[in-house]
Amino acid sequence: IERKESAGIVKFEGGGLDNPFWIAAARLLIEIPYAASLKDRRRVVRSLTDGARCRFAASASDLGPDGTHKTAELGFAFCGSSSAELRERMANLEKFLCQREEEGEFEIMRFSPEVFSHGDISDRQDK
């Protein structure tokens with residue numbers, strides 16, 4: 001395995017690292033109409049991120065915006081060896097979020113999933 005570093009990006013070449021590596025990421029924008037405080041917002045956000053982590057082994061994060069209690073943007077991510085597997089996991093996450101939306105605590109304004117290969121990211125960084 002050869003390690004190359006350029007402009008702060010470390011890249012490893014050779015050594016059997018040619019297996020496909022897929023990444024799924026999604027951004028979720030929600031409105032929380034009944035939140036009266038940041039504490040209410042945090043409760044809804046924590047419920048969604050913890051649920052995604054526990055049910056789907058997803059990485060989940062609150063992306064902001066800071067200081068507002070009526071909206072939230074969340075990020076979710078998975079990785080795996082098959083794009084089909086990740087598309088299915090992302091569809092299951094979306095179904096979970098829609099089921100939670102029906103409980104009435106929040107409204108989904110936008111759900112934007114993407115699935116791409118690790119090579120796609122490396123190629124973008126090289127340019």
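At-a-glance table
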item: Net charge, Ala36 excluded, C-beta distance under 12 Å - Lys, Arg +1, Asp, Glu -1; result: +3
item: For Phe78, net neighbour charge (Lys/Arg +1, Asp/Glu -1) across residues whose Cβ lies under 15 Å away; result: +2
item: Cβ-defined net charge surrounding Pro113, 13 Å radius [Lys, Arg +1; Asp, Glu -1]; result: +2
item: Potential extension, Arg27-Phe56 segment - 0.36 nm per residue separation minus Cα distance; result: 8.9 nm
item: Percent carbon-and-sulfur accessible area, the range 74-115, ignoring ligands, DNA and RNA, probe 1.4 Å; result: 45 percent
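The values are calculated or read from the model by the stated rules, or taken from the named source; none is laboratory data. If you're wondering where the values come from, they're calculated on a predicted model, not measured in any experiment. Neighbour counts are summed over all protein chains in view; Cβ atoms, including those assigned to glycine, are modelled from backbone coordinates with ideal geometry. Accessible surface areas use protein heavy atoms only, side chains included; no ligands, DNA or RNA. Shrake-Rupley method; radii C 1.70, N 1.55, O 1.52, S 1.80 Å.
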